[in-house]
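Single-structure report; data block below.
No lab work stands behind these numbers, since they all come straight from the coordinates. Since we're looking at a predicted model, the values are computed, not measured. Positions of Cβ are backbone-derived with ideal geometry, glycine not excepted, and every protein chain shown enters the neighbour counts.
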Amino acid sequence: MPFNRIKSHFAAAVDNKTETAEIKMYGNVVSKRPVDWWTGKPAEGDFIIGSEVVKKLEEISGCKKLNIRLNSLGGDVHEAILIHNRLREMAKNGTEIHCSVDGVAMSAGSMIMCAADKVTVTASSLIMIHKSLTGLCGWYNGDDLIKLAEESGQYDRVIAAAYRRKTGKTEKELLDMMSEETYMPGEEAVEKGFADELMENGEKLEIAACADKSALIVNGGYFPLMGLKCPESIPMAEESEPESGEGAAIENEKHKEVKTVGKDLKEIKDLKELKAENPELAAAVEEEIKSACLKEQETASGEAAKKAAEAERKRIAEIDEIAAIYSADTVKEAKYGDEACTAAEMAYRAAKEDAKRGEDYLRNMQRDNEASKAEKVTGAALPDDTQYAVRTEEQLMQDARDTVGAMLTGK
């Protein structure tokens with residue numbers, strides 16, 4: 001089938017015969033390609049760049065159908081709004097838009113997803129929605145923060161409007177889900193209206209969190225979470241056991257009774273002898289042992305994950321209990337920073353910072369005092385004038401008598 005390739009990391013293509021276009025959107029949503037901090041050169045990797053997407057959409061604007069292959073942790077909400085609205089404009093002009101979530105569609109990525117008329121996911125796809133985030137640096141008063149909160153609320157309503165068109169849910173329902181930072185595997189996304197079709201036989205999604213929980217590895221690709229909370233458990237595709245039909249027959253065949261020959265089983269002392277006497281039975285025993293061990297490991301792993309999740313929730317809750325007396329930056333660093341810590345450690349760090357600032361203040365005051373040479377300044381001498389001369393109490397009383405006498409005698 002002939003394709004006209006459009007040179008870009010979006011890997012866009014158009015089928016001239018069917019007037020069907022396909023565009024791959026992989027990576028974080030950004031306004032321009034980031035610059036590598038160390039080299040000063042454009043960062044390598046895939047990014048969903050708003051201006052480039054718009055350009056590609058203009059090139060394929062006449063197509064009858066557009067297929068989007070999506071895999072994104074999100075990013076800049078402004079660029080997501082731009083891409084969403086241009087896709088809806090294409091749909092209004094007659095283009096049928098279909099989005100396949102190849103990996104994840106989170107945050108701004110989920111907003112782009114919801115611009116499609118039809119969304120297809122697999123059991124291992126992951127969708128996430130949340131309220132808009134704002135990074136702060138500097139000093140703000142209460143009015144500034146209230147205004148910022150109001151602006152953030154308007155962004156949330158815009159995002160919810162995109163979800164509302166797709167799901168049919170009310171604004172309140174969606175805002176509540178966004179406030180909870182809701183993660184939905186493929187099947188749940190279909191149930192809640194964010195997706196339309198679940199492909200049972202889709203490729204298994206290989207997804208895992210980095211050790212510091214700052215990024216996800218999705219099908220071998222590195223996706224930084226950019227401040228978002230790492231989900232406590234990442235859903236993985238699971239194969240269901242056959243219950244009937246050909247699959248069940250094969251499974252039953254594996255577990256059918258194995259006839260024994262030669263020695264009585266009671267005479268066999270270990271697995272080695274069993275293998276020599278009855279290889280088929282030995283293989284079946286080994287399989288059962290492995291299965292039992294695997295289930296035990298899975299149970300232990302699940303319990304460990306549950307305990308870790310409970311410990312993390314407790315840590316966050318304890319920080320929230322005392323968060324009001326500390327700055328927002330201190331609380332955020334304690335919760336999600338590179339050196340995340342407990343509430344007690346946060347309080348200790350803040351106390352150390354306060355002590356250091358106090359020492360710096362006293363040290364600066366001492367330096368200022370020494371620089372001013374104030375200790376060398378002496379008091380001013382009294383003028384050499386009799387009216388300012390120091391007089392005794394008796395002399396002052398006599399002056400008073402003389403003054404009164406003069407007033408009485410008129411002299």
## Note on the structure
Counting only residues 5 or more apart in sequence or on a different chain, those whose built amide H sits under 5 Å from that of Ala195 are Val190
### Task
Estimate the FRET efficiency between Gln395 and Lys356 by the formula 1/(1 + (r/R0)^6), using the beta-carbon distance for r and 41 Å for R0, to the nearest 0.05.
0.10
### Message
Multiplying the sequence separation of Lys307 and Ser291 by 0.36 nm and subtracting their Cα-Cα distance, what value in nm do you get?
### Response
3.3 nm
#### Entry: Sites Glu150 and Asp176 - FRET efficiency at Förster radius 22 Å, r taken between beta-carbons, to 0.05
0.70
### Query
Using alpha carbon centroids, what distance separates the stretch 314-332 and the stretch 99-123, in Å?
34 Å
### Message
Ranking request for peptides 173-183, 93-103: highest mean number of other beta-carbon atoms within 10 Å first, then the rest in descending order.
### Response
93-103, 173-183
